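The values are calculated or read from the model by the stated rules, or taken from the named source; none is laboratory data. Keep in mind that what you see is a predicted model, and the values were worked out from it rather than measured. Cβ placement follows ideal geometry from the backbone for every residue including glycine, while neighbour counts extend to all protein chains displayed.
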Amino acid sequence: MKKQVLSLLLMLSLLFSLGAAVLAEDAAFVFDDAALLSGEQTEIINGLGAQILADTGVRVCACLSGDTGEDIRAFAADSYDRRVGAPEGMLLVYDPSSGSYSYYLCGDRLSGLGEEELTKLFDAFLGAPTYFDGVYNYMNLVSAYLSGASSTGEVSAGDNPNIPDERLLDRVADLAGVVDASRLAALNALADEVSETYQCDVAVAFVQSLEGRYIVSYADDFYDYKGYGYGPDDDGILLLVSVGDREFGETTYGYGKTAFTDYGMQHYLEPRFTPFLGENDWAGAAEQFIRDAGVLLKQAREGRPYDYYGSERVVEKKSFRDIAPGAAVISAIIGFFSGGIPAGAMKRKMKSVEKNYGAANYARGGLNLRRSDDRFLYANVSKTPIPRETEHRSSGGGSSVHFSSSGRSHGGSHGKF
């Protein structure tokens with residue numbers, strides 16, 4: 001009897017495990033057989049896939065596998081049947097060991113994708129800096145096509161009715177209630193001044209929660225669907241801060257991708273405003289970000305965006321403060337050899353000269369002061385430091401881009417505080 005009960009329990013456990021595996025597979029939109037993604041990245045992609053499925057009814061998936069066999073197209077078809085199985089869907093398969101890729105389409109919703117659109121999808125995946133970014137770009141671009149985006153992946157307000165023609169919120173929007181009214185008004189005045197001066201939106205938004213969403217997609221959608229962007233090309237940058245999640249995301253679009261490079265955001269903007277965020281000084285962070293964004297915009301409009309040049313390191317022109325100590329030592333050495341040695345030789349020849357400790361022998365007609373002035377030798381001046389210009393080389397860092405759910409290509413950066 002005991003053996004029968006034990007056998008029954010084992011069978012139930014096995015059935016439960018198989019059922020859990022099937023449910024997990026059904027909930028998955030990325031199959032990371034090659035273990036190229038972290039747990040957090042997998043969760044973000046699965047969340048994006050679930051959102052696309054809810055919005056469009058199409059199951060968009062990706063498979064990263066190092067064991068696709070000799071016929072990757074047959075592998076893609078078989079994987080779709082076994083692991084996706086949706087009447088409307090797409091599966092992108094990539095083999096990192098060989099660099100080969102293929103896809104499988106099912107249903108009528110994606111039947112209109114032509115060679116140009118498919119090429120854009122593959123480029124969005126292959127051109128990304130990481131596997132995570134590649135899968136993220138590919139899935140968002142498929143979603144954009146389903147929403148009626150053009151083949152380039154760039155949409156306008158006319159192409160996507162969800163994107164308003166005008167900005168719906170102030171340039172500094174406090175949806176979390178963390179900035180007092182008077183300070184918020186001052187921040188908006190500053191943001192308006194910088195944006196109008198350089199004809200590029202500089203905006204900040206505080207929200208209480210990301211509601212479980214990925215900070216990058218949240219910031220992109222906030223920018224697009226709240227109508228941010230200056231002029232016909234919607235140029236700008238938005239800093240979105242989730243107070244409750246303690247995360248920030250910068251999203252750029254149009255000329256913003258030129259003025260605010262990856263290097264500029266990560267090495268100039270972020271080190272300067274994130275300390276304020278860490279101390280819960282939300283208004284201080286916003287002000288620092290807006291002012292520094294103006295500095296980078298000015299430098300970009302002058303034809304020298306703050307960026308990384310060269311494949312190995314940044315070669316920066318040194319300021320006077322940087323070179324002064326070394327220059328002083330070098331000048332002293334040169335002065336010693338060019339002036340000190342000849343002066344010493346002349347001194348040895350002047351044997352008859354004696355020291356005179358009084359000034360009377362040298363005075364001729366006394367001292368007559370006709371005018372006296374008070375002059376300040378020092379002053380305390382508050383200025384925004386200008387980023388040191390980097391030496392231009394053959395290759396630049398620029399902005400890495402990703403596709404938002406609207407189909408637009410955004411640049412940006414993100415982090416925690």
Criterion first (within 27 Å of Ser147 (Cβ to Cβ), part of a helix (DSSP H, G or I) and touching an Asp or Glu at 6+ places or on another chain (Cβ under 9 Å)) does Gln51 satisfy it?
no
Taking the residues in the stretch 263-283 that are in contact with a strand residue (DSSP E or B) (Cβ under 8 Å, 6 or more places away or on another chain) and closer than 11 Å to Gly412 by Cα as candidates, determine which candidate is surrounded by the fewest Cβ atoms within 10 Å (Cβ to Cβ).
Gln266
Considering (1) modelled with pLDDT under 95; (2) within 23 Å of Ser405 (Cβ to Cβ); (3) within 27 Å of the chain's Cα centre (by Cα); (4) not small (Gly, Ala, Ser), say which one Pro96 fails and leave the rest.
(2)
Filter the stretch 220-245 down to residues that are under 19 Å from Met265 (Cα atoms) and part of a strand (DSSP E or B), then give me how many there are.
8
Residue match in the stretch 179-190 (condition: part of a helix (DSSP H, G or I) and of a type in the set (Asp, Glu))
no
Give, as residue ranges, the helices (runs of 4 or more DSSP H) completely inside the stretch 246-340 that count at least 2 residues that are at pLDDT below 55.
320-335
Ser217 is checked against (1) among the hydroxyl-bearing types (Ser, Thr, Tyr); (2) modelled with pLDDT of 95 or more; (3) not in a loop (DSSP other than H, G, I, E, B) and fails just one. What number does that condition carry?
(2)
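Condition check ((1) within 24 Å of Gly284 (Cα to Cα); (2) at pLDDT 95 or above; (3) under 22 Å from the mean Cα position of the chain (by Cα)) across all residues:
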{"position": "Ser151", "(1), (2), (3)": "no, no, no"}
{"position": "Glu154", "(1), (2), (3)": "no, no, yes"}
{"position": "Asp159", "(1), (2), (3)": "no, no, no"}
{"position": "Glu166", "(1), (2), (3)": "no, no, no"}
{"position": "Arg171", "(1), (2), (3)": "yes, yes, yes"}
{"position": "Leu175", "(1), (2), (3)": "yes, yes, no"}
{"position": "Arg183", "(1), (2), (3)": "yes, yes, no"}
{"position": "Ala186", "(1), (2), (3)": "yes, yes, no"}
{"position": "Asp192", "(1), (2), (3)": "yes, yes, no"}
Hey, does the stretch 197-206 have a residue that's assigned to a helix (DSSP H, G or I), outside the structural domain of Leu141 (by TED's automatic domain parsing) and more than 23 Å from Pro164 (Cα to Cα)?
yes
Residue under question is Phe260, and the condition is that it be of a type outside the set (Gly, Ala, Ser), crowded, with 22+ Cβ neighbours inside 10 Å and over 22 Å from Glu166 (Cα atoms); does it hold?
yes
Inspect the stretch 49-58 for any residue being among the β-branched types (Val, Ile, Thr), touching a strand residue (DSSP E or B) at 6+ places or on another chain (Cβ under 8 Å) and in contact (Cβ under 8 Å) with a residue 40 or more places away in the chain and give the result as yes or no.
yes
Kindly evaluate Leu141 against the criterion of being part of a loop (DSSP other than H, G, I, E, B), assigned by TED's automatic domain parsing to the domain that holds Gly85 and at pLDDT below 90.
no
Can you tell me which of (1) in contact (Cβ under 8 Å) with a residue 60 or more places away in the chain; (2) in a loop (DSSP other than H, G, I, E, B); (3) out of contact with any His (no Cβ under 9 Å at 6 or more places or on another chain) is the one Ala128 doesn't meet?
(3)
Could you tell me whether Thr130 is at pLDDT below 90, in contact with a Gly (Cβ under 9 Å, 6 or more places away or on another chain) and not small (Gly, Ala, Ser)?
no
Among the residues of the stretch 221-253 satisfying the criterion of being within 15 Å of Gly415 (Cα to Cα) and charged (D, E, K, R), which is surrounded by the fewest Cβ atoms within 10 Å (Cβ to Cβ)?
Arg246
Matching residues in the stretch 74-113 - criterion: being surrounded by 13 or more Cβ atoms within 10 Å (Cβ to Cβ) and of a type in the set (D, E, K, R)
Asp78, Arg83, Glu88, Asp95, Arg109
